[in-house]
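Below is one structure, written out as structure tokens; comments come after it.
Nothing in this text is a laboratory measurement; each read-out follows from the coordinates by a stated rule. Here the structure is a predicted model, which is why all the values come from computation and not from measurement. Here the Cβ positions follow ideal geometry from the backbone for every residue, glycine too, while neighbour counts run over all protein chains shown.
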Amino acid sequence: MAQKTLLNQRDCAVTISRLCHQINEVHVPWDRTVLVGLQPRGAKLLKALVAQLEAEFATGPVANGLLDITFHRDDFRRREEPLAASPTEMNVLIEGKRVIIIDDVLYTGRSVRAALDALGDFGRPERVELCVLIDRRFSRELPIQPDYSGRRVDALNHERVRLNWNGSTLESVLLESPEYAPER
Amino acid sequence: MPQNAKLQSRHLLGLQHVPAEDIQLILHWAGHFKEVINRPIKRVPSLRDLTVANLFFENSTRTRLSFELAEKRLSADVVNFSASTSSVKKGETLNDTVSNILAMKVDLVVIRHSEAGVAHFLADRVPAHIVNAGDGTHEHPTQALLDAFTMQERIGSLEGKKVVIVGDILHSRVALSNIFGLQKLGVHVAVSGPSTLIPRAISELGVEVIDHLDDALEWADVANVLRVQHERMDRAFFPSIREYHKRYGITMERLNRLKQVPLILHPGPINRGVELTSEVADSPYAAILNQVENGVAVRMAVLYLLASQSAPQNVV
């Protein structure tokens, strides 16, 4: 299997830092903004963003929560097996707030659609934005685009984007391509 | 814990033949649904394109409400049917009633009936997923699952724990499902009650019989106290209600004499002052209202897992 490094450790730190700057620019003062990470893979990015925002931007405590979208997915009963669910930890009210959905990779857009649906269980936000680390830009199946994106990637459908976390530090982002055998 | 596994059967007819992993799977998912029903908006769209028929050929309040709530919280379309208001009174056979309902394109059927084996009968004949909500004195699997879920929530893992089922074992489908289910989870199960209400062959299931209630309560981590089912008693099984209460009723005085008080469960409805005094039923030892809440979560898990087995195009 071929592997290509999309972001090395330095790129990762720079990218997350840039996302923090961009978000802060729009959301300062931080009294009406809630960051919502999508379970399971958006959780670590959420934690990294919140930690950096609180440490470097004098935001005060950033309201945040984790949302599990399993029960809102549109591929239920269209898969072989039921999907595994993760806990939802939404201890914040999003009624009238500005919500930023945080996820690691934006691919077809179906997770984000399900997340918009699931968010409705916790109130009506004033507006919702989307922040992703990796945007696989030519793979969308729904009209959904990110407001903040770390890196745009052109990946084929059989390829996978993998994030390597070491504790709370993002070490690298890889593009994995299984052997591709062209038809003769 | 195999989080991604499927249930092995298309139906939930009883716990006797359900493997331990499937029971664990249902309890695991029930945890997720418990979180869902404690949200401000308690509804998820998972069963949006499915129709569930609740066929209650025997009276029930809480089981029917619990199933109905579980179905609605999963966004299924629900049709209700109860024998007292239907064509069963006009002489229609079970098979005809069911064919008619299935002609209405129902995906899941929840059925309660006063005869044992009706759920199995349907499972062999109709293409929908069948959930047994109690068949005669045979099984009531979702009740046993919610009992196990409640025990797990209150006392942790059930492996090696001791549970005594108290009272009318003979007429109880809850007792039988509890025995099958709990034993698969590694629980030591015993029964205690008037000898006339304990089936003679019970020891063949590996269940101990403890004659004296005090000994049983001292032994157990959990006491699942059953309702005295007057409606199923065609003759006198014990001399009087007072006598029953004296020997097998759980009172505060009895509990105060114990070194450690077990968790008290009751499937409801309670005959207050017969199996349990009001004082015990309303005490912190009892988890009766937890059972009611968990019932919805466990039934959501069962319906969700069964529904996830069939792709839309295969559903009849």
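Quick notes on this one:
- Note on the stretch B:141-292: Kirkwood radius taken over Cα pairs, Stokes-Einstein applied at 20 °C and 1.002 mPa s, translational D equal to 141 µm² s⁻¹.
- Peptides ranked, highest mean first, by Cβ atoms within 10 Å: ranges B:151-163, B:13-25: B:13-25, B:151-163
- Within chain A, the longest run free of GluC sites (Glu not before Pro) that sit in a DSSP loop with at most 14 other Cβ atoms within 10 Å is A:1-79.
- Overall, the anisotropy analysis places the stretch A:56-109 in the prolate class: the square-rooted eigenvalues a ≥ b ≥ c of its C-alpha gyration tensor yield a/c not less than 1.5, with a/b exceeding b/c.
- Restraint check, B:K6/B:K161; A:K97/B:K105; A:K97/B:K42; A:K47/A:K97; B:K161/B:K246; A:K44/B:K72, Cα-Cα greater than 31 Å: A:K97/B:K105; A:K44/B:K72
- In terms of Cα atoms, the Rg and Dmax of the protein assembly as shown work out to 27.0, 88 Å.
- Cα shape, chain A, gyration tensor, a/c 1.5 rule: oblate
- DSSP H segments from chain B that extend 20 Å or more along their own axis, Cα-based, with Kyte-Doolittle mean of 0.5 or above: B:288-307
- Under the span-like rule (Cα at least 20 Å along the axis, Kyte-Doolittle mean at least -0.5), DSSP H helices of chain A: A:9-27, A:42-56
- Relative contact order of chain A, taken over Cα pairs closer than 8 Å and 6 or more residues apart, is 27 percent.
- With a Förster radius of 56 Å applied to the beta-carbon distance between A:R41 and B:N95, the computed FRET efficiency rounds to 0.65.
- In loop segments of the stretch B:215-255 as defined by DSSP, the trypsin sites (Lys or Arg not before Pro) with at most 16 further C-beta atoms inside 10 Å of their C-beta are B:R235.
- Normalised Debye scattering of chain B at q = 0.13 Å⁻¹ gives log10 I(q)/I(0) of -0.93, counting only Cα atoms as equal scatterers and leaving out solvent.
- Mean sequence separation of contacting Cα pairs (under 8 Å, at least six apart), scaled by the length of the stretch A:1-102, corresponds to a relative contact order of 34 percent.
- Relative contact order (percent, whole number), chain B, Cα cutoff 8 Å, 6+ residue spacing: 21 percent
- Amide H partners (placed H, <5 Å) of B:D168, local residues excluded: B:L226
- Spacing of the two label points (7 Å from each Cα toward its C-beta) at A:L156 and B:R235, in nm: 8.0 nm
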